[in-house]
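**Student:** Before we start, here is the structure in question, set down as structure tokens.
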Amino acid sequence: MDQSVSRIRVEDIETAISQIAEVKAVRVVAGLDGVVSEIHVLALPTKTPKQLVRDIESTLMARFGLPIDHRKISIAQLGREMVDDVIAAPTEERPSEIRPRIVSINATVAGVQAAASVTLEIGDTEYIGTSAGPASQTGRSRQVALAALDAVSQYAEDTVTFALEDVTLVQLGRERVAVACVSLVTPFGEQSFSGSALVRQNEKDSIVRATLDAINRRIGHLTTA
């Protein structure tokens, strides 16, 4: 069972985790009862997420005697897709790469429910994605990301299924960054990808851009037409 952090400052936990070489940013969330409920980590892809989770668990146990349920640790890795692209095609430009253009983002809250709609232009067609769910702070961000994925799913004509593993906003140096982790599920298997976007216009825009960044390089291969 996870131990209360009432005797330990959240900032101290974040500092300890940030000393792990691969970690670029970290945010720890503790509940009113003082128990850690979420740990969000932005890291380099030099270790697997499973190895990073073990490193975090070991660090917190050794430093503070604090056991953490590994399911509370969310890892988003930067740079993996870029490295993959360089290895796959170091001298050639990818043919007919398709990138969605954000047309509009709308998000509303009514009582305890949040709803979002995202319109994307992919190719010459506009697709309107929608999503609704609980209006918690995390829930509102999720609905925006899920609406973006719904729009892309319409373009892909439901040949694949997207699973939003996590989306969050983290502080990276002086910048706020939206980070998303998306799994692409097909009849042939499952792959997870991460994306990020600096907060420039507003948080909703950055959440959509981070979500699309995770899957942009796969969009051109989602249909057979």
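**Student:** Check whether at least one residue in the stretch 185-203 is free of Cβ contacts under 8 Å to residues at least 60 places away in the same chain and in contact with a Phe, Trp or Tyr (Cβ under 9 Å, 6 or more places away or on another chain), and report yes or no.
**Tutor:** yes
**Student:** Right, another one. Answer with yes or no whether Val29 is modelled with pLDDT of 85 or more and under 25 Å from Ala197 (Cα atoms).
**Tutor:** yes
**Student:** In the stretch 6-32, which residues are assigned to a helix (DSSP H, G or I), in contact with a strand residue (DSSP E or B) (Cβ under 7 Å, 6 or more places away or on another chain) and of a type in the set (Val, Ile, Thr)?
**Tutor:** Once the filter is applied, which keeps residues that are assigned to a helix (DSSP H, G or I), in contact with a strand residue (DSSP E or B) (Cβ under 7 Å, 6 or more places away or on another chain) and of a type in the set (Val, Ile, Thr), the stretch 6-32 yields Val10, Ile13, Ile17.
**Student:** For the stretch 118-202, give me every one of the strands (runs of 3 or more DSSP E) that falls completely inside it and has 1 or more residues that are modelled with pLDDT of 90 or more, of a type outside the set (A, V, I, L, M, F, W, C) and loosely packed, with under 14 Cβ neighbours inside 10 Å.
**Tutor:** Answer list for the stretch 118-202: 125-134.
**Student:** I'm trying to understand the selection: among the residues of the stretch 55-98, which are of a type outside the set (Ser, Thr, Tyr), part of a loop (DSSP other than H, G, I, E, B) and modelled with pLDDT under 60?
**Tutor:** Those that are of a type outside the set (Ser, Thr, Tyr), part of a loop (DSSP other than H, G, I, E, B) and modelled with pLDDT under 60: Gly79, Ala89, Pro90, Glu92, Glu93, Arg94, Pro95, Glu97.
The values are calculated or read from the model by the stated rules, or taken from the named source; none is laboratory data. The structure displayed is predicted, hence computed values, not measured ones. Counting neighbours? That spans all protein chains shown, and the Cβs are built from the backbone with ideal geometry, glycine included.
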